[in-house]
Amino acid sequence: MKFDFLLVEGAISSNKEFFSISGYSPYEMLNILVKRTKYLIAVGSCASYGGLHAKFEQNSDIQGIGDSLSSENLYILKHPVVNLTGCPAHPEWIIQTLFSLKDYGKMALDEEGRPKELYYGLAHHGCTRNEYFEWKVEVKHFGLKEGCLFYEQGCRGPMTHSNCNKILWNDVSTKTRAGMPCIGCTEFDFPRENMLETKKNIGIPNEVPLEVSKRAYLSLTGVAKTFKIGRLNKKLID
């Protein structure tokens with residue numbers, strides 16, 4: 001039986017004692033099924049690169065789909081493996097990928113194998129807290145509508161490739177809109193330790209927004225903090 005799309009969720013292991021399907025390891029099953037499909041899509045961070053299991057279990061046997069394919073099967077596919085990173089992947093990313101491949105037969109991918117049209121921007125883009133970020137007005141607690149979550153709460157929005165703040169979850173909200181920092185789940189370094197904390201050195205964040213130098217970040221921060229925008233230091237709704 002032939003089919004057009006094979007969507008795989010979860011990390012891959014060759015250890016049958018760890019997990020088996022009808023007597024086959026996930027690795028064996030994947031390499032059998034891939035011979036019958038045209039397009040292979042890794043749904044979620046675990047399927048894309050091993051995710052949580054590969055990182056914290058320190059088990060080299062646990063991998064993402066791309067690393068689990070034999071070299072022969074990697075070239076059987078009509079298209080490179082598509083990685084839809086995210087924990088979880090947004091349903092609209094899955095649907096858009098399926099329709100794009102069905103209608104056009106290909107998608108432009110970034111260096112991590114993610115569709116560029118979905119992951120070209122940052123979670124920071126479209127965030128309702130951007131003005132707070134620009135003027136360095138920080139929130140001190142989770143769950144509040146006011147303030148930026150970057151400096152104090154570990155928000156990864158300025159360095160995470162994702163359109164979460166443009167395509168809302170359930171068409172309603174996002175982490176940052178709900179007062180929860182972005183945890184960078186679409187990036188290949190996810191998950192990190194102490195995710196809800198901004199690591200600093202002498203008050204300077206160890207990581208600054210993507211492709212912004214620390215000198216530029218400090219200069220802009222210094223200028224922004226000389227201004228006090230009264231509107232931004234008030235509750236949005238009393």
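Observations, loosely collected:
- Kirkwood hydrodynamic radius of the chain, Cα pairs, Å: 19.6
- The GluC sites (Glu not before Pro) of the range 1-34 meeting both criteria, a DSSP state outside H, G, I, E and B (loop) and at most 10 other C-beta atoms within 10 angstrom of the site's C-beta, are E17.
- Relative contact order computed over the chain (Cα-Cα under 8 Å; 6+ residues apart), in percent: 15
- Restricting the range 1-107 to chymotrypsin sites (Phe, Trp or Tyr not before Pro) in coil, as DSSP defines it, with at most 11 other Cβ within 10 Å: Y75
- Its relative contact order, with pairs defined as Cα atoms under 8 Å and 6+ residues apart, puts the range 98-203 at 25 percent.
- Rounded FRET efficiency, nearest 0.05, which uses the C-beta distance separating L168 from Y24 and R0 of 41 Å: 0.55
- Mean Cα-pair separation over length for the range 1-139, i.e. relative contact order, pairs under 8 Å, 6 or more apart, %: 21
- Charge dipole (debye, nearest 20) of the range 1-71; +1 at Cβ of Lys and Arg, -1 at Cβ of Asp and Glu: 300
- Only DSSP H runs of four or more residues enter the estimate; each adds -39500 (n - 2.57), and after division by the residues of the chain the mean residue ellipticity at 222 nm equals -6500 deg cm²/dmol.
- In degrees, nearest ten, helix 214-224 long axis to first principal axis of the chain (Cα): 40
- Split the accessible area of the range 140-187 by element, probe 1.4 Å, and carbon with sulfur accounts for 57%.
- Of the cross-linked pairs K145/K199; K55/K102; K199/K235, those separated by over 29 Å at the C-alpha level are K55/K102.
- On Cα atoms only, tilt of 91-104 relative to the major axis of the chain in degrees: 50
- Electrostatic dipole magnitude of the chain [Cβ: Lys, Arg +1; Asp, Glu -1; Cα centre; debye, to 20]: 780
- Accessible area per residue, Å², the range 106-211 with all protein chains present, probe 1.4 Å: 50
- Taking only protein heavy atoms and a 1.4 Å probe, the accessible area of the range 37-121 is 54% carbon and sulfur.
The values are calculated or read from the model by the stated rules, or taken from the named source; none is laboratory data. Just so it is clear, the structure is predicted and the values come from calculations on it, not from any experiment. Cβ: placed from backbone, ideal geometry, glycine included. Neighbour counts: every protein chain shown. Surface accessibility is based on the protein's heavy atoms, side chains included, excluding ligands, DNA and RNA. Shrake-Rupley method; radii C 1.70, N 1.55, O 1.52, S 1.80 Å.
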